[in-house]
Amino acid sequence: MRLGKVRHESEYLTVRHYHTEKNWSIEWMCRQLEISRAAYYKWLHREIPDTEHETIRLAELIKEYDERFNHILGYRRMTSWINHFNHTAYSKNRVHRIMKKLGIHSVIRKKKKKYAYSKPDETAENILRRDFYASAPNQKWVTDVTEFKVPGEKKKLYLSAILDLYDRYPVAYVISSRNDNRLVFKTFDQAIAASPDARPVFHSGRGFQYTNKVFKKKLEKQEMKQSMSRVGHCIDNGPTEGFWGIIKAEMYQMYEITDEASLRDAIKDYLRFYSEERPQDRYHCKTPLEVRQKALASDMPAEYPIPENKRIFNVYAN
């Protein structure tokens, strides 16, 4: 596909295609399309500028990446992924302009429904206070549980995950057909088995599993400080909420999900993709696993600052 503005270009492309593929008569097609045969030959043998060749190449890359990743890339991530994997330096504006011309855009995330909070037995102070920056692995962990509807059935699957705020790496996750204490406890035990010396601040919502006395004892045994979001403030656990949004926006585009088994497989494989293959701009186009492995092997992990959010600052300034 060419992106230039040559008059009658679509007709010229049609003539070239059918002459090449079907050996149709150029003279006859030009007459039917009411275009000059001389103008067609002039277009066919024209010298294409280097910038136009480069635009055509970029358009092909955009179509390839859009198809490969099932329409999950907006123009910002499309730009960074193409530049990262092809060692190029295309601008976001240029990619955006071509994507609009091609009719390519990312999937739109659905608005999250308001959540009715249950009154917990015991709560903890919001120690995290929306400070989502961590300078090294295992300083701050965040967690939550989300649900997925099983297609064609009145059933749900529940995903419990723990994210490290340094690299956004899911240090543990468990999938279950029941949203109960065992789901959360098992996720926590899995995280400790992988990082037995970890002593992070542990932040969650106020779900019944996290206010459970048994769970509190698990945290105390591991010498972790517990932190909880305030009532009605989902943004207090923003990274986890964002993580759920990414999964649900992208996973259903990337996998064919028809039943419980395919849904379980999709969740597992997407989490692998997210951890090992999905580069993030904040980490200079490295994946969470790459960032984590490099940090754990270093005495001075690289810093990945988060842009200042004045709205959050103002909430806690008083």
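The values are calculated or read from the model by the stated rules, or taken from the named source; none is laboratory data. Everything numeric here is computed off the predicted structure, so don't read it as measured data. Cβ sites come from the backbone with ideal geometry, for glycine too, and all protein chains shown count toward neighbours.
Of all the numbered requirements in (1) buried (at least 19 other Cβ atoms within 10 Å of the Cβ); (2) of a type in the set (Lys, Arg); (3) over 23 Å from the mean Cα position of the chain (by Cα), Arg168 misses one, and that requirement is (3). Do we find a residue being under 26 Å from Asp269 (Cα atoms), among the polar types (S, T, N, Q) and assigned to a helix (DSSP H, G or I) anywhere in segment 182-199? Yes, there is a match, as at least one residue in segment 182-199 is under 26 Å from Asp269 (Cα atoms), among the polar types (S, T, N, Q) and assigned to a helix (DSSP H, G or I).
When Arg77, Arg16, Arg2, Arg109 are checked against the criterion of being surrounded by 11 or more Cβ atoms within 10 Å (Cβ to Cβ), within 30 Å of Lys248 (Cα to Cα) and modelled with pLDDT under 90, Arg109 stands alone in meeting it. Exactly one condition in (1) at pLDDT 90 or above; (2) assigned to a helix (DSSP H, G or I); (3) exposed (fewer than 13 other Cβ atoms within 10 Å of the Cβ) is false for Ala89; which is it? Ala89 satisfies all of (1) at pLDDT 90 or above; (2) assigned to a helix (DSSP H, G or I); (3) exposed (fewer than 13 other Cβ atoms within 10 Å of the Cβ) except (2). The set of residues in segment 173-207 being surrounded by 21 or more Cβ atoms within 10 Å (Cβ to Cβ) and aliphatic (A, V, I, L, M) consists of Val184, Ala191.
A quick yes/no check of all residues on (1) within 22 Å of Pro301 (Cβ to Cβ); (2) more than 13 Å from the chain's Cα centre (by Cα); (3) outside the structural domain of Asp144 (by TED's automatic domain parsing):
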{"position": "Glu223", "(1), (2), (3)": "yes, yes, no"}
{"position": "Ser229", "(1), (2), (3)": "no, yes, no"}
{"position": "Ile235", "(1), (2), (3)": "no, yes, no"}
{"position": "Phe243", "(1), (2), (3)": "yes, no, no"}
{"position": "Arg272", "(1), (2), (3)": "no, no, no"}
{"position": "Asp281", "(1), (2), (3)": "yes, no, no"}
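Contact map, segment 63-90: residues that are touching a residue at least 60 places away in the same chain (Cβ under 8 Å) and farther than 11 Å from Asp281 by Cα paired with residues that are of a type in the set (D, E, K, R) and surrounded by 15 or more Cβ atoms within 10 Å (Cβ to Cβ), Cβ distance under 6 Å, separation 6+ or inter-chain. Pairs shown: Ile72/Glu250.
Scanning segment 20-72 for residues that are farther than 30 Å from Tyr252 by Cβ, of a type in the set (D, E, K, R) and assigned to a helix (DSSP H, G or I) yields a count of 10.
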